[in-house]
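Right, one structure below, let's go through it.
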Amino acid sequence: MSQAAHSPTAPRAGEPEHVPSMRPVPPRLAAVRRDRIAVVGYGYWGSKHVRVLSSTPGVDVTIVDGVPGRLAEAAAQFPSARLAACLDDVLDSVDAVVIATPPATHVSLALLALEAGRHVLVEKPLATSVEDAELLVEAAARRRACLMVGHTFEYNAAVWKLRDLVRSGELGKILYVDTARLSLGRYQSDVNVIWDLAPHDISIVSFVLDEMPAGATVWAHSHISRQHADVAHLRFDFPRSGTRAYVHVSWLTPKKVRQVTVVGEHRMAVYDDMSDNERIRVYDIGVDVQEMDGPEAAHALPVTYRTGDIVSPYVAFEEPLLVQDQHFVECIRTGAVPRTPGERGLDVVRVLAATDESIAAEHADVGEQRDDRTRATRVAS
Ligand SMILES: NC(=O)c1ccc[n+]([C@@H]2O[C@H](COP(=O)([O-])OP(=O)(O)OC[C@H]3O[C@@H](n4cnc5c(N)ncnc54)[C@H](O)[C@@H]3O)[C@@H](O)[C@H]2O)c1
């Protein structure tokens, strides 16, 4: 694990850490004040931010989108929201900004807001390069502004449950983690499928294991266009726990799958985000190595199988985006450090950058030939 990595372990809602330099607002004042938040980007995800923030008491929402048709849709859905075509036009009259635009635009929009002293929540991935992510973290520190990254799954009760299962030792030593995030996805023009989808898996697995990966190995391929890979298999190595995570992300799969499997020596747990009422299942099953003597050993598999109950623990559902955005509002009101600060976003961007290096290194090895196999790359700290 990189020593510089921000610990993924963070207090849950109601357990804020305080930044001494950001003065807390007394609770009475916090209750009466109104926070003016601009949501930049009224697309697929930004419209959800607008919905949850509009339902948050004490928040006035301004919707910013450069496309007039999107603003017209926003006006129809949220008649009381203020509208603007450009963040610059409304920066003077808001306290905070949520950036839900395509990843390549995050750094310029977030820097604009941070340099104006505004608190900023940036959607995942925080930026599209380590240098840009570092710029944002540095600007937030200099302007003493709150910088938070939208790692939505770290606000998801099912992911908290998975982490509790790992921490309690109930699963035993973690042998490996496997994740699948597949569907006929929305092809992005500015990033490949890894930068689009794997931030979720890197965030979930590092949160659950409480460790950032130190190395990445990637197989990625572009099946539809030559621009960006649309299917990728990744392997991340976690040296402290001696565990590996295998991550499969795809924009080109017929069935939607959102699954995380944690395989422990004693038990195995599956988090299925597509399930309505059994999002976590704990399987009391496993495989033990068997000592075998005698002539049958030459043919038999030297393992025995354990099978037992399958239990689905109760996980109270609260929309993770609502939990996340309410946490952001709480941070800007109280001066608390977010549970997913800019540094956490930077850590994930470092891992994503290592996947790029892994792909580039293999392409360099094979010259002009594009090869699908790639080799391991260390995550820079
Ligand atoms: N946390 C999650 O679970 C989750 C899920 C989906 C998307 N996302 C993230 O949300 C972000 C947006 O994704 P999306 O799928 O909603 O994209 P989208 O293409 O549907 O919407 C982006 C919107 O931003 C607008 N826009 C672009 N540049 C702008 C600018 N400079 N100023 C104002 N408006 C601008 C576009 O007109 C568009 O309406 C991405 O970073 C994506 O990774 C996060």
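The values are calculated or read from the model by the stated rules, or taken from the named source; none is laboratory data. Computed from a prediction, not measured in an experiment: that's the story for all the values here. Because the Cβ atoms are built from the backbone with ideal geometry, glycine has one as well, and the counts that use them run over all protein chains shown.
Observations
- Residue match in the stretch 85-100 (condition: within 10 Å of the ligand (Cβ to nearest atom), part of a loop (DSSP other than H, G, I, E, B) and closer than 22 Å to Glu343 by Cβ): yes
- Selection count, the stretch 37-61, where residues are within 12 Å of the ligand (Cβ to nearest atom) and in a loop (DSSP other than H, G, I, E, B): 5
- Residue within the stretch 94-113 that is at pLDDT 95 or above and more than 27 Å from the chain's Cα centre (by Cα) present: no
- Residue in the stretch 208-216 that is touching a helix residue (DSSP H, G or I) at 6+ places or on another chain (Cβ under 9 Å), within 13 Å of the ligand (Cβ to nearest atom), among the small types (Gly, Ala, Ser) and closer than 21 Å to Ser129 by Cα present: no
- The number of residues in the stretch 113-138 being under 16 Å from Ala100 (Cα atoms) and more than 16 Å from the ligand (Cβ to nearest atom) comes to 1.
- Residue within the stretch 178-187 that is buried (at least 23 other Cβ atoms within 10 Å of the Cβ) and either modelled with pLDDT under 95 or of a type in the set (D, E, K, R) (or both) present: yes
- Test for Arg181: is it more than 22 Å from His106 (Cβ to Cβ), charged (D, E, K, R) and touching a residue at least 40 places away in the same chain (Cβ under 8 Å): no
- Here Ala145 qualifies as more than 12 Å from the ligand (Cβ to nearest atom) and in a loop (DSSP other than H, G, I, E, B).
- Note on the stretch 62-84: among residues that are assigned to a loop (DSSP other than H, G, I, E, B) and not small (Gly, Ala, Ser), the one that is farthest from the ligand (Cβ to nearest atom) is Pro79.
- Looking only at residues in the stretch 139-169 that are of a type in the set (S, T, N, Q) and buried (at least 21 other Cβ atoms within 10 Å of the Cβ), the one that is farthest from Pro102 (Cα to Cα) is Asn156.
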